[in-house]
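The values are calculated or read from the model by the stated rules, or taken from the named source; none is laboratory data. Please read all numbers here as calculations on a predicted model, not as lab measurements. No Cβ is skipped: glycine too gets one built from the backbone with ideal geometry, and neighbour counts run over all protein chains shown.
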Amino acid sequence: MILRTVARLMLPILLLFSIFLLLRGQDLPGGGFSGGLVAAAAIILQMVANDVATARRILRVPPVTLLSAGLGLALCSGLLPLLWGEPFMTSHFVCLALPGGAALELGLPTLFELGVYLVVLGVASLAILSLAEEGEAR
Amino acid sequence: MEPPGALRIAQSEPTRSLWRWMLLPVLAPPLALTGLLLSRAPAVLAGRPLGLSIAWVPSLGLSLDLSLDGLGLLFALLVAGIGTLVFLYSMPYMAGERGLGRYYGALILFMLAMLGVVTAANLITLFVFWELTGISSYLLIGFRHEEKESQESALMALLITGSGGLALLAGFILLQQVYGTFDMATILAQPGLLRSHPYYGWVLGLVLFGAFTKSAQFPFHIWLPRAMVAPTPISAYLHSATMVKAGLYLLLRLSPLLANTAAWQVTLLVVGALTMLLGSWRALRQRDLKGILAYTTISILGMIVALLGLATEHAVEAALVLIVAHALYKGALFLVVGAIDHETGTRDVALLGGLRRDMPVLAVAALLAACSMAGLPPTFGFLAKEAAYGAAEGWRAAALQVGVAGVLLVAANASNVALAVVLGYRIFFGAAGGPWPRKPHGVSWLLIVPPGVLGAASWLLGLVPGALDGLVGGALAAAVPRSQGVHLQMWHGFNWPLALSAVTIAVGYALYRIWPRLFRAPARRFPLSAFRAYDWLLHTALPRSAASLARLAQDGSLRVYLLAMLVVVVLIAGGPLVAGGLWSNPVLSQEGLSWPELAIAGLLVTAALAVVVARTRLGAIIALGAAGALVTLLYVRFSAPDLALTQLLVESLGVILLLLVFHFLSPQFGPWPPKRHVAVDIAVAAAVGLLMGTLVLVANGVQLAPSVAEYYLAQSLPSAHGRNVVNAIVADFRGFDTMGEITVLATAAFGLYALLELRSKKGGRRQ
């Protein structure tokens, strides 16, 4: 019961933290890989606290879709510069001014990182959820 | 008003009629190409080849070079001209079939590919188009892909011509090694360079292999009769008039480079003669009209190869004339057979006879073409046959050799005469046959016009042979340097060729008289056959060797796989390390080790040992997790927060994953393996550990190039817009690596997904 309550509370925090890690990677430790792992940990916590079906419901999207989308996104971020006749994976950035004086630099590598994030989340939750499902079925 | 019978299917189904007229645009490409070629022909024949060059992979020196000269023009006109007729013919022939888009698509692809082959000015361009003809041929042979026979025949053609294509590529690459370029004009301009080069034999062998498989020479001829499962217009176009002549085109094109050596002569003469005789004999034993046409095609292809083997100017001229004559009459006869099949539903020669009553116009078309096949004056076929005899007569060799050549040619031609009588006379004007699966209703005029045009052309060109002087002369100039020009004529006076023609017709008629016994005789099985060799290779030898290789490489034991991989790593990485003496110079550390680091290292060793000696799985997992945590600690100690963060997360998820997997297994490990295994495992493990340790220490002291670290540190913020250098490297500087890594990750996940998904779909679970 305690675990369930804590897990429910932790879900938004962990997911936010994972996105924080993803975006922060540009300047400080973090990035798509660790962000994706934290997101997967958030899902797995739900699995441990409740069951696989609940975790899947919270994930909403099948892991296979997630990892396909991530791979496609990473590939697209590399392919986009080809449209302007530049080499594969040339990076470009735009600077977004955020309210409160902060600034967020977004670029094609950010898109690429998002792809990595999705692949890692997809792979980790696919492996663990489907193995746990097998275990539940026995 | 349509002629009666033309839209026989359409009258009952108006939508089909509409569909048929919608197909008219497919005629546009062949018509346009024929027109284009004809309009450019005078300029090309006047010695101004058309050229086109598109850069493709400039860094590799590859470009798409096309150039149209006399030789290319001759073939291109056949391809486009007969192609137009075949498109026209296909409209009624294929009406109502499913997959017409596929059919016409592959047909247009083939046509363009074939035009590409004969206009390629670059060996790689030639190879690409060459393979495209093979692929479109595969698609068309397998057009009725639900039928097993179609599948097997298409596969056979693809495997045989495809292996030839690969040989050809190897030959072309060798040529590039010799000349430093793939450009054909440059290579053909200096034949001497290759002649004296040790690669000559290899180039010759590989090119001949490619040409022989494509042009159905013995023993690779077996795919051609099987390819007859394709719709008949395809057989007429690809497997008789054009594609199978791509090999001949290649021989002609490269003959300035390769011909006139003993190896060329002997190979082409022997293979050509064997193919010619085999084709002629097997043709006489066929019941199926298309079988007859296929084997006579093989026989003529062999004859042309043998003529090219003679390599005299007259012989090459005869080969060119024979190529044109054969394309015209054989194309016509194939289309006639297709019309017969379409109307009566059978191609069995024993059932067919007296067809002139139901299809009088088609009978005339067949008779016109058959006269050319039999080589009767004044058809173009006669001219071709005379030219072949003349070439044999003019061969500067011993009288015995010339005599043998003459006899073989007469034998092959006599078989053609006999079968021409069957095709042009017996089935139309002979005794009535039957019963037929279908009753003829009167043949659509679109099924009659194309063979009629080809048959009539065989006569017209025979009557006015001078019309082809320029075209054949232009082609000859490309194949034989310093050729004298061509003057085709019907009447050469009373000479040996004329006498041989007379003998041929007499022998041919005699063969025709005994032919009914030949084709009805039961098939004999020879102890050796190319077909059974293919079958054995594909269905016995290949699976067996694959199975034994799999047994050898994959015995299913995880321990053996791991040992194999690790031993290879130790040998490959450790060998140079020891041999190069690098191992003796390890650099420990500039700063020396501190106590906390030593303590972590000691704990790490303990944890690793605990993993191995743990008797329960849970214990092993915990020990492994501890080892991972200690490594993380080391990263923190050496100020690598990125690594530490990732390592910690991976370790946590890894432990969960292992727990889930071990859930399926018993909590205890099994009994200890035999002592022998343990000893080997310890030795290998120690070797790997020693190697990795030494490698790290040695790498510490080796600096081959200026470090890239400075570049990354300096460029991280300005170029990658990030202060985190590690992340900038992963996501930007070396993003390509990361792309590869996530692809591997995703592939592994898909594998896992497939495994678990398949198991749960099957329902049953293995223990």
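Please state which of the following conditions A:Ala55 fails to meet, knowing it meets all the rest: (1) surrounded by fewer than 20 Cβ atoms within 10 Å (Cβ to Cβ); (2) more than 10 Å from every other protein chain (Cβ to nearest Cβ); (3) on the phi < 0 side of the Ramachandran plot.
Only one criterion in (1) surrounded by fewer than 20 Cβ atoms within 10 Å (Cβ to Cβ); (2) more than 10 Å from every other protein chain (Cβ to nearest Cβ); (3) on the phi < 0 side of the Ramachandran plot is unmet by A:Ala55, namely (1).
For the structure I just gave you, tell me whether A:Thr65 is facing another protein chain (nearest Cβ under 10 Å) and over 11 Å from the mean Cα position of the chain (by Cα).
No; evaluated as a whole, the condition is false for this residue.
Residues that are in contact (Cβ under 8 Å) with a residue 12 or more places away in the chain and touching a Ser or Thr at 6+ places or on another chain (Cβ under 6 Å): find the helices (runs of 4 or more DSSP H) completely inside region A:1-95 holding 3 or more of those.
In region A:1-95, A:32-49 are the helices (runs of 4 or more DSSP H) which contain 3 or more residues that are in contact (Cβ under 8 Å) with a residue 12 or more places away in the chain and touching a Ser or Thr at 6+ places or on another chain (Cβ under 6 Å).
The conditions are (1) free of Cβ contacts under 8 Å to residues at least 60 places away in the same chain; (2) surrounded by fewer than 16 Cβ atoms within 10 Å (Cβ to Cβ), and B:Asn700 fails exactly one of them. Which is it?
Only one criterion is unmet by B:Asn700, namely (1).
Restricting to region B:338-356, what's the tally of residues that are in contact with a Lys or Arg (Cβ under 6 Å, 6 or more places away or on another chain) and either under 23 Å from B:Gly375 (Cβ atoms) or buried (at least 24 other Cβ atoms within 10 Å of the Cβ) (or both)?
1
Hey, can you tell me all the residues within region A:3-23 that are more than 15 Å from A:Gln46 (Cβ to Cβ) and among the β-branched types (Val, Ile, Thr)?
Answer for region A:3-23, where residues must be more than 15 Å from A:Gln46 (Cβ to Cβ) and among the β-branched types (Val, Ile, Thr): just A:Ile19.
Quick grid of which residues meet (1) assigned to a loop (DSSP other than H, G, I, E, B); (2) surrounded by 20 or more Cβ atoms within 10 Å (Cβ to Cβ); (3) at pLDDT 90 or above:
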site	(1), (2), (3)
B:Trp202	no, no, yes
B:Gly205	no, no, yes
B:Leu208	no, yes, yes
B:Thr213	no, yes, yes
B:Gln217	yes, yes, yes
B:Ala227	no, yes, yes
B:His239	no, yes, no
B:Leu248	no, yes, yes
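Which condition does A:Gly135 not pass, out of (1) crowded, with 23+ Cβ neighbours inside 10 Å; (2) within 10 Å of chain B (Cβ to nearest Cβ), if it passes all the others?
(1)
I need the full set of residues from region B:738-756 which are within 8 Å of chain A (Cβ to nearest Cβ) and of a type in the set (Gly, Ala, Ser), in order please.
Result: B:Ala746, B:Ala748, B:Ala749.
If a residue must be surrounded by fewer than 24 Cβ atoms within 10 Å (Cβ to Cβ) and either touching a strand residue (DSSP E or B) at 6+ places or on another chain (Cβ under 9 Å) or more than 7 Å from every other protein chain (Cβ to nearest Cβ) (or both), how many such residues does region A:114-128 contain?
1
Only one residue in B:Ala683, B:Ala623 is crowded, with 16+ Cβ neighbours inside 10 Å, more than 14 Å from chain A (Cβ to nearest Cβ), over 30 Å from A:Leu28 (Cβ atoms) and not acidic (Asp, Glu), so which one is that?
Of B:Ala683, B:Ala623, the one residue that is crowded, with 16+ Cβ neighbours inside 10 Å, more than 14 Å from chain A (Cβ to nearest Cβ), over 30 Å from A:Leu28 (Cβ atoms) and not acidic (Asp, Glu) is B:Ala623.
Scan (1) under 22 Å from B:Ser594 (Cα atoms); (2) within 11 Å of chain A (Cβ to nearest Cβ) for the single condition B:Leu645 breaks and write down its number.
Only one criterion is unmet by B:Leu645, namely (1).
Would you confirm whether or not region B:127-134 contains a residue that is in contact (Cβ under 8 Å) with a residue 24 or more places away in the chain and among the aliphatic types (A, V, I, L, M)?
no
Collect the residues in region B:718-737 that are at the interface with chain A (Cβ under 7 Å from one of its Cβ atoms) and either within 12 Å of A:Glu113 (Cβ to Cβ) or surrounded by fewer than 20 Cβ atoms within 10 Å (Cβ to Cβ) (or both), keeping them in residue-number order.
The answer is B:Ala720, B:Gly722, B:Arg723, B:Asn724, B:Asn727, B:Val730, B:Ala731, B:Asp732, B:Gly735, B:Phe736.
All but one of (1) farther than 21 Å from B:Leu643 by Cβ; (2) within 11 Å of chain B (Cβ to nearest Cβ); (3) at pLDDT 90 or above hold for A:Leu15, so report the exception by its number.
With (1) farther than 21 Å from B:Leu643 by Cβ; (2) within 11 Å of chain B (Cβ to nearest Cβ); (3) at pLDDT 90 or above applied to A:Leu15, the lone miss is (2).
Does B:Ala332 fit the bill of being within 22 Å of B:Thr84 (Cβ to Cβ), in contact with a Phe, Trp or Tyr (Cβ under 6 Å, 6 or more places away or on another chain), modelled with pLDDT of 90 or more and crowded, with 24+ Cβ neighbours inside 10 Å?
When the stated conditions are applied, B:Ala332 does not pass them.
Suppose the filter is facing another protein chain (nearest Cβ under 8 Å), charged (D, E, K, R) and over 24 Å from B:Ala748 (Cβ atoms); does A:Glu105 pass it?
Here the answer is yes, as A:Glu105 does meet what is asked.
Scan region B:301-324 and tell me whether some residue there is among the hydroxyl-bearing types (Ser, Thr, Tyr), assigned by TED's automatic domain parsing to the domain that holds B:Phe519, more than 26 Å from the chain's Cα centre (by Cα) and under 22 Å from B:Leu476 (Cβ atoms).
Scanning region B:301-324, I find at least one residue that is among the hydroxyl-bearing types (Ser, Thr, Tyr), assigned by TED's automatic domain parsing to the domain that holds B:Phe519, more than 26 Å from the chain's Cα centre (by Cα) and under 22 Å from B:Leu476 (Cβ atoms), so the answer is yes.
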